[in-house]
Amino acid sequence: GAVVSQHPSWVICKSGTSVKIECRSLDFQATTMFWYRQFPKQSLMLMATSNEGSKATYEQGVEKDKFLINHASLTLSTLTVTSAHPEDSSFYICSAARLSSYNEQFFGPGTRLTVL
Amino acid sequence: ELKVEQNPLFLSMQEGKNYTIYCNYSTTSDRLYWYRQDPGKSLESLFVLLSNGAVKQEGRLMASLDTKARLSTLHITAAVHDLSATYFCAVVSGSARQLTFGSGTQLTVLP
């Protein structure tokens, strides 16, 4: 149990376009979902925390108008990178927390975004 | 603000040798995780440590936690090539139980 999927696995887009990444908890309901960004050879940096039906909480320095997060159900959260630029190229990883496991986070496989 | 420091950042060791990775954190937490990440992949959970003095072992890896010193260690025994990966510790904090990650230790085990 506790499987989290992400779609797409990788995406290449042109500068100025928007990209949507989906994160789904497949076999449990996630009270909270987290979005992380990881640049090459670096650690994971938390971008935002989202709870179903409410606005996401963004970490300092993360532009909420650029990284739109929607958490419409207990099994789905989406991250939309708006007007993407090459500096947004990164590995985006989501995680989903299951209430019954002390909010332990289960990680998705990640989405590699390359902006040309 | 919670800070998590990991060292070393890079580690190259020969097969069969032992080594320890250290993870220090700055504020009290009730949960610490160790993860493994292979190139191009997401995180694989290795251990969760809940209490002072906790020790967990899986194969050639053993993790321990000293909450008083705010220190966790990941000990590698008789390393093999398959252990080559990047290892992260992460500490839980906040009402939303966010994870703060260490910088990671890139381990390369040489034949």
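We did not get these values from a lab; they are worked out from the coordinates using the rules stated. This is a predicted model, so every value here is computed, not measured. So basically every Cβ, Gly included, is an ideal-geometry build from the backbone, and we count neighbours across all protein chains shown.
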Amide H proximity to B:Phe47 below 5 Å, modelled H, separation 5+ or other chain, gives B:Trp34
HN-Hα J in Hz across segment B:103-110 - Karplus 6.51, -1.76, 1.60, θ = phi - 60°, x for Gly and Pro: 6, x, 10, 8, 9, 10, 9, 8
What residues have an amide H closer than 5 Å to that of B:Ala54, excluding those fewer than 5 places away on the same chain, when H is modeled at 1.01 Å from N in the peptide plane? B:Leu65
Ranked on Cβ counts within 10 Å of their own Cβ, fewest leading, B:Val55, A:Val81 go B:Val55, A:Val81
Label-to-label distance, nm, for residues given as B:Phe10 and A:Gln29 (7 Å Cα→Cβ offset): 4.9 nm
Magnitude of the Cβ-charge dipole (Lys and Arg +1, Asp and Glu -1) of chain B about the Cα centre, nearest 20 debye, reported as 180 debye
Extreme residue, positive dipole direction of chain A, given options A:Thr75, A:Ala96, A:Gln42 (C-beta unit charges): A:Gln42
Test item: Cα-centred dipole of the protein assembly as shown, Lys/Arg +1 and Asp/Glu -1 on Cβ, debye: 60 debye
Qualifying chymotrypsin sites (Phe, Trp or Tyr not before Pro) in segment B:70-111, DSSP loop, other Cβ atoms within 10 Å at most 11: none
Determine ³J(HN,Hα), in whole Hz, for all residues of segment A:103-116 in sequence, where each value follows from phi through the Karplus function 6.51 cos²θ - 1.76 cosθ + 1.60 and θ = phi - 60°; x replaces Gly and Pro. 6, 4, 8, 10, 9, x, x, x, 10, 8, 9, 10, 10, 8
Relative contact order, percent, of chain B when contacts are C-alpha pairs under 8 Å separated by at least 6 residues? 36 percent
Hey, got the average number of other protein chain Cβ atoms within 10 angstrom for residues in B:84-92? 1
Whole-Hz ³J(HN,Hα) for each residue in segment B:85-101, computed from phi via Karplus 6.51 cos²θ - 1.76 cosθ + 1.60 with θ = phi - 60°, x for glycine and proline: what do you get? 4, 9, 10, 10, 9, 8, 10, 8, 7, x, 5, 8, 6, 6, 9, 10, 9
Given a cut-off of under 8 Å on Cα pairs at least six residues apart, what relative contact order in percent is computed for chain A? 37 percent
